[in-house]
Ligand SMILES: Nc1ncnc2c1ncn2[C@@H]1O[C@H](COP(=O)(O)OP(=O)(O)O)[C@@H](O)[C@H]1O
Ligand SMILES: [Mg+2]
């Protein structure tokens, strides 16, 4: 299979992004490592790259909180080396204004045009929310992965959420006025059904194709043969969504929101047939998450025919050194592309990377400033 290996981030300039006042970096096409003490800005650097690729922070959904305290605006600028060209991406975030994204000096009409051009996968300690938190986290995961390779999916999600909000407003208004526009509700229902069906099909398709890749990786990292599995849970599995909406109308009116639909679906993570949250040890949960993300990497790579950028944030905090080596060896192989790693222990990182015979650059981060 042919993959374009040439998408990588050549350089990055930051201005007032979180705690980083100003920084300029030139990267290796292979492994880049940010080292430094806790709280100096390593994760923020990875997040700036995530922001540049997907128009949002991996951690903070409130855009303006990514602007350095007491500053007017933040800027992220990067040059991506592509197969046959260079793309300069410029992003600015202001208070009280929409963020602006430009490619080669031309502003996008819609941010959705940017998503998927520079695929990226982040692996972070905060991923544990995928296991510990409610279904919303897992739907966010599905949405974020699928929209990196399927533009139609993102459009469908935007459309569905808009209709859902309008439908919920009708239901809520009924709570205060005891009256509702039956025809209006029927119109929303009618438009939601096809969008929901497409979203559902994409999520099922994604999950089914992920399972074997995921299991393959799990068994490469975990020493013993534990059984791991993913299962997409949805009412749409054995119900017609149009009928579901009709049948639940009285309940919806009573609850004042839409109780059925793909906004309630879940991705069940299982270990040896049981919910991972209940049965997995910390080590097993961590391995599960890293594996899920590596499978996500493979999946996006296959769909986009390009290797995503891989961001590894502090993944090594709970793994012992031998597993760290195993994972770095895995990701430094040709199967992967450009990698960014953050780590507190410089000498350990240096020694691991020197053993790998892969091109790498080390960046020292101290209180929001960066040096080679
Ligand atoms: N908008 C912001 N303005 C200034 N500092 C910020 C902002 N957002 C986060 N920080 C600071 O960034 C630091 C954390 O950086 P981080 O990248 O998480 O460190 P680490 O090197 O441990 O990964 C914290 O001290 C936090 O207060
Ligand atoms: Mg960090």
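Cα axis of helix 182-221 to longest principal axis of the chain: angle in degrees, 0 to 90, nearest 10?
Here the helix axis deviates by roughly 30 degrees.
Against the longest alpha carbon principal axis of the chain, how many degrees, from 0 to 90 and to the nearest 10, is the axis of helix 282-304 turned?
Tilt of helix 282-304: around 80 degrees.
Using alpha-carbon pairs under 8 Å, 6+ residues apart, how would you state the relative contact order of the stretch 1-103 in percent? Intermediate values should be presented prior to the final figure.
Details: 179 pairs, mean separation 30.6, N = 103.
Reported as a whole number, the value is 30 percent.
Please report the base-10 log of the normalised intensity I(q)/I(0) for the stretch 14-146, using a Debye sum with one equal scatterer per alpha carbon and no solvent, at each q in 0.10, 0.18 (1/Å).
-0.35, -1.16
What number do you get for the stretch 136-182 when its Cα radius of gyration is normalised by 2.2 N^0.38 Å, N = residues? Walk me through the numbers before you get to the answer.
On the way: Rg = 14.8 Å, N = 47, 2.2 N^0.38 = 9.5 Å.
With N residues counted in the stretch 136-182, Rg over 2.2 N^0.38 Å equals 1.56.
With a/c under 1.5 counting as rounded, go ahead and sort the stretch 148-255 into rounded, prolate or oblate using the C-alpha gyration tensor (a ≥ b ≥ c being the square roots of the eigenvalues; past the cut-off, prolate if a/b is larger than b/c, else oblate).
Details: a/c = 3.19, a/b = 2.44, b/c = 1.31.
The shape class here is prolate.
State the Cα centre-to-centre distance between the stretch 139-155 and the stretch 259-287 in whole Å.
A separation of 20 Å, based on Cα centres.
Using the alpha carbon gyration tensor of the stretch 299-372, what are the three equivalent-ellipsoid semi-axes (square root of 5 times each eigenvalue), largest first, in whole Å? It would help to have the intermediate numbers written out before the result.
On the way: eigenvalues 97, 50, 30 Å².
Working from the Cα gyration tensor, I get semi-axes of 22, 16, 12 Å.
At 222 nm, what value in deg cm²/dmol follows for the chain if DSSP H runs of at least 4 each add -39500 (n - 2.57) and the sum is divided by all its residues, to the nearest 500?
On the way: 11 runs with 157 residues, N = 372.
About -13500 deg cm²/dmol.
Could you tell me how far the Cα centroid of the stretch 61-133 sits from the Cα centroid of the stretch 181-241, in Å?
Each part's Cα centre sits 27 Å from the other's.
I need the shape label for the stretch 200-240. Rule: rounded when a/c is under 1.5, else prolate if a/b > b/c, else oblate, with a, b, c from the alpha carbon gyration tensor. Intermediate values should be presented prior to the final figure.
Values: a/c = 5.74, a/b = 2.59, b/c = 2.22.
Prolate, because a/c is 1.5 or more and a/b exceeds b/c.
Hey, what D do you get for the stretch 223-328 in µm²/s if you plug the Kirkwood alpha-carbon radius into Stokes-Einstein at 25 °C and 0.890 mPa s? Display every interim value, and only then the final one.
Details: Rh = 17.2 Å.
The estimated diffusion coefficient comes to 143 µm²/s.
For the ranges 289-295, 32-38, 104-110, what's the packing order if you count other beta-carbon atoms within 10 Å of each residue, average per peptide, and put the highest first? List each step's numbers first, then the result.
On the way: 289-295: 23.1, 32-38: 19.0, 104-110: 9.6.
Peptide ranking by packing, descending: 289-295, 32-38, 104-110.
Please say if the stretch 76-228 is rounded, prolate or oblate, where rounded means a/c under 1.5 for a ≥ b ≥ c the square roots of the C-alpha gyration tensor eigenvalues, and otherwise the choice is prolate for a/b larger than b/c and oblate otherwise?
Here the stretch 76-228 falls in the oblate category.
Between residue 84 and residue 21, 0.36 nm times their residue separation minus their Cα-Cα distance comes to what?
Extending this stretch completely gives an extra 19.4 nm.
Which whole-percent values make up P(r) of the chain when all C-alpha to C-alpha distances are grouped in 10 Å steps starting at zero?
Going out from 0 Å in 10 Å bins, the chain shows 5, 22, 29, 25, 13, 5, 1, 0 percent.
Compute the long axis of helix 321-331 from its Cα atoms, compare it with the longest principal axis of the Cα atoms of the chain, and write down the angle in degrees, 0 to 90, nearest 10.
That works out to roughly 80 degrees.
Compute the relative contact order of the chain as a whole-number percentage, counting only Cα pairs closer than 8 Å that sit 6 or more residues apart in sequence.
Details: 618 pairs, mean separation 101.4, N = 372.
Once normalised by length, the contact order is 27 percent.
Could you tell me the extents of the stretch 116-159's C-alpha atoms along the three principal axes, largest first, rounded to whole Å?
30, 23, 9
Over the stretch 161-203, consider all pairs of different Cα atoms and compute the Kirkwood hydrodynamic radius from their mean reciprocal separation; express it in Å, one decimal.
Working: mean 1/r = 0.0901 Å⁻¹.
One over the average 1/r among Cα pairs gives 11.1 Å for the stretch 161-203.
We did not get these values from a lab; they are worked out from the coordinates using the rules stated. Keep in mind that this is a model prediction, so the values were computed, not measured. Because the Cβ atoms are built from the backbone with ideal geometry, glycine has one as well, and the counts that use them run over all protein chains shown.
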